[in-house]
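Have a look at the structure below, then the notes.
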Amino acid sequence: MKTIKEIYRIGHGPSSSHTMAPRFASEQFLSRNSNARRFEVTLYGSLAATGKGHLTDQAIIEVLKDVAPVEIIWKPEIFLPYHPNGMTFKSFDNNDIVTDEWTVYSVGGGALEEEGKPSVLEDIYPITKMTDILNWCEDSGKAYWEYVKDVESDPYLLDYLEQVWQAMQDAVERGLQMEGRLPGPLNLPRKAAMYHIKAMGYQHTLKNRGLVFSYALAVSEENASGGLIVTAPTCGSCGVLPAVLYHCSKAYDFSKTRILKALATAALVGNIAKTNASISGAEVGCQGEVGVACAMAAAATCQLFGGSCAQIEYAAEMALEHHLGMTCDPVCGLVQIPCIERNAFAAARAMDANIYATFTDGTHRVSYDKVVETMKKTGHDMPLLYRETSIGGLAEDYKQMDY
């Protein structure tokens, strides 16, 4: 299990796997082929199926175009064995001879992998199962965030989390000020500002719920517009955790230090899911994106409100369990319908999971690890048309559009 910095990436939306990662890959390929005379990039499987809606081609061309012309080849019908999000880069010289070829995979959350090659980043966590970490916490008397701090051994870790928290707050506040329509053929209007205004007119309970909705919408709408956000754990699910933490900081006046500790715990929960299953919608559906984001937010909230380690694990387990089987079916390949609304609902569900868990002593039958394992199996059993191809589920009645 790698550093939690892999869970929180600050960058531009709308998709960590379809926009961020292809941009990162393009930068890496360009760095070793700066003398190329033309580039050819072939996109496969889910990466090709929803690439136009996710602005994959624009992200690649933006990086490579200043050096040489770029041709994008779309092959949505071909799924490479290693991962559904495959891409092959080729560079050519003056004689149109291939000088370099590289196949790489976008595996979720902006991360890249090559088949058969170890990751550049080392695994640093000796314990990668939630149950084992819970036992470690109970034996040592330490909290989850302290486990993260001990393992990472990075004096600048809190500084990084502070950058993450600031970027999350900025995304909420920008999104609340924006109005108009989101880019793309759906002409979907922004709703965050309206929800925020309406929420202020209600009494305590409905006001709080409405505010959480507005915060999640704000960040998700910023993501859909290509704004600067934080993957948590992905772009498509980036509104859940910021919404909950922003609400807690405003409504309950939690200190910045406590928020940063909650971010560490949330990242641990996300990291466990990423390591033992997947956070890629193309691989396991939206349960791996919004479902994991909900688990992260539930754990963070439970910690903020004084939950025990057992209660925090239970909150995370419930949050993910009740997203099992959720498909990834973005309409027109855009990170808008149903993605934005799902972020708002998941933020509210995360807070409910915290409440439910704190009514208990933390004892329960199904562990978070078991739900992560089940999520992986469910995702692999899910037909491809429900895994970020935009040809099934809610997306099946909408044609892919060139724009």
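The values are calculated or read from the model by the stated rules, or taken from the named source; none is laboratory data. Worth saying up front: this structure is predicted, and the values here are computed from it rather than measured. Cβ coordinates were reconstructed from backbone atoms using ideal geometry, including for glycine residues, and neighbour counts include every protein chain displayed. Please note that ligands, DNA and RNA were not included when accessible areas were found on the heavy atoms of the full protein model with its side chains. Shrake-Rupley method; radii C 1.70, N 1.55, O 1.52, S 1.80 Å.
Filter region 188-204 for residues that are in contact with a Gly (Cβ under 7 Å, 6 or more places away or on another chain), more than 10 Å from residue 175 (Cβ to Cβ) and buried (at least 17 other Cβ atoms within 10 Å of the Cβ) and give the result.
Passing the criteria: 195, 199.
Here is a check on your reading of the model: is residue 259 closer than 17 Å to residue 137 by Cβ and of a type in the set (A, V, I, L, M)? Show your work before the answer.
Values: closer than 17 Å to residue 137 by Cβ: no; of a type in the set (A, V, I, L, M): yes.
When the stated conditions are applied, residue 259 does not pass them.
Could you list, in sequence order, the residues of region 320-337 that are assigned to a loop (DSSP other than H, G, I, E, B), closer than 26 Å to residue 195 by Cβ and touching a Gly at 6+ places or on another chain (Cβ under 9 Å)?
Initially, region 320-337 is screened for residues assigned to a loop (DSSP other than H, G, I, E, B), giving 322-327, 329-330, 334-337.
Now drop any that are not closer than 26 Å to residue 195 by Cβ, which leaves 322-323, 326-327, 329-330, 334-337.
Answer for region 320-337, where residues must be assigned to a loop (DSSP other than H, G, I, E, B), closer than 26 Å to residue 195 by Cβ and touching a Gly at 6+ places or on another chain (Cβ under 9 Å): 322, 323, 326, 327, 329, 330, 334, 335, 336.
Kindly provide the set of residues from region 335-352 that are more than 15 Å from the chain's Cα centre (by Cα) and either at pLDDT below 95 or open to solvent by less than 10 Å² (accessible area, probe 1.4 Å) (or both), ordered by number.
Of everything in region 335-352, those that are more than 15 Å from the chain's Cα centre (by Cα) and either at pLDDT below 95 or open to solvent by less than 10 Å² (accessible area, probe 1.4 Å) (or both) turn out to be 348, 350.
What are the pairs, 6+ residues apart or on separate chains, where a residue within region 90-103 that is at negative phi has its Cβ under 6 Å from a residue that is among the small types (Gly, Ala, Ser)?
Once the first residue is at negative phi and sits in region 90-103, its partners that are among the small types (Gly, Ala, Ser) give 91/36; 99/91; 100/91.
Residues 353, 357, 347: which one is in contact with a Pro (Cβ under 9 Å, 6 or more places away or on another chain), touching a residue at least 24 places away in the same chain (Cβ under 8 Å) and part of a helix (DSSP H, G or I)? Let's see the steps before the verdict.
Details: 353 fails: in contact with a Pro (Cβ under 9 Å, 6 or more places away or on another chain); 357 fails: in contact with a Pro (Cβ under 9 Å, 6 or more places away or on another chain).
Answer to the check: 347.
When residues of region 115-145 are filtered for being acidic (Asp, Glu) and either crowded, with 16+ Cβ neighbours inside 10 Å or at pLDDT below 95 (or both), how many remain?
3
(1) aliphatic (A, V, I, L, M); (2) in contact (Cβ under 8 Å) with a residue 24 or more places away in the chain; (3) assigned to a helix (DSSP H, G or I): which one isn't true of residue 194, the others all being true?
(2)
For region 359-374: of the residues being open to solvent by less than 60 Å² (accessible area, probe 1.4 Å) and in contact with a helix residue (DSSP H, G or I) (Cβ under 7 Å, 6 or more places away or on another chain), which is farthest from residue 284 (Cα to Cα)? Before the answer, list the steps.
Narrowing region 359-374 to residues open to solvent by less than 60 Å² (accessible area, probe 1.4 Å): 360, 362, 364, 367-369, 371-372, 374.
Okay, now just the ones that are also in contact with a helix residue (DSSP H, G or I) (Cβ under 7 Å, 6 or more places away or on another chain), so 360, 362, 364, 367-369, 371-372.
Numbers: 360: 31, 362: 28, 364: 25, 367: 19, 368: 17, 369: 16, 371: 13, 372: 11 Å.
Ranking the candidates gives 360 first.
Regarding residue 181, is this residue surrounded by fewer than 24 Cβ atoms within 10 Å (Cβ to Cβ) and under 30 Å from residue 129 (Cα atoms)? Steps first, please.
Numbers: surrounded by fewer than 24 Cβ atoms within 10 Å (Cβ to Cβ): yes; under 30 Å from residue 129 (Cα atoms): no.
Here the answer is no, as residue 181 does not meet what is asked.
What helices (runs of 4 or more DSSP H), lying completely within region 71-190, carry at least 2 residues that are in contact with a Pro (Cβ under 7 Å, 6 or more places away or on another chain)?
157-177
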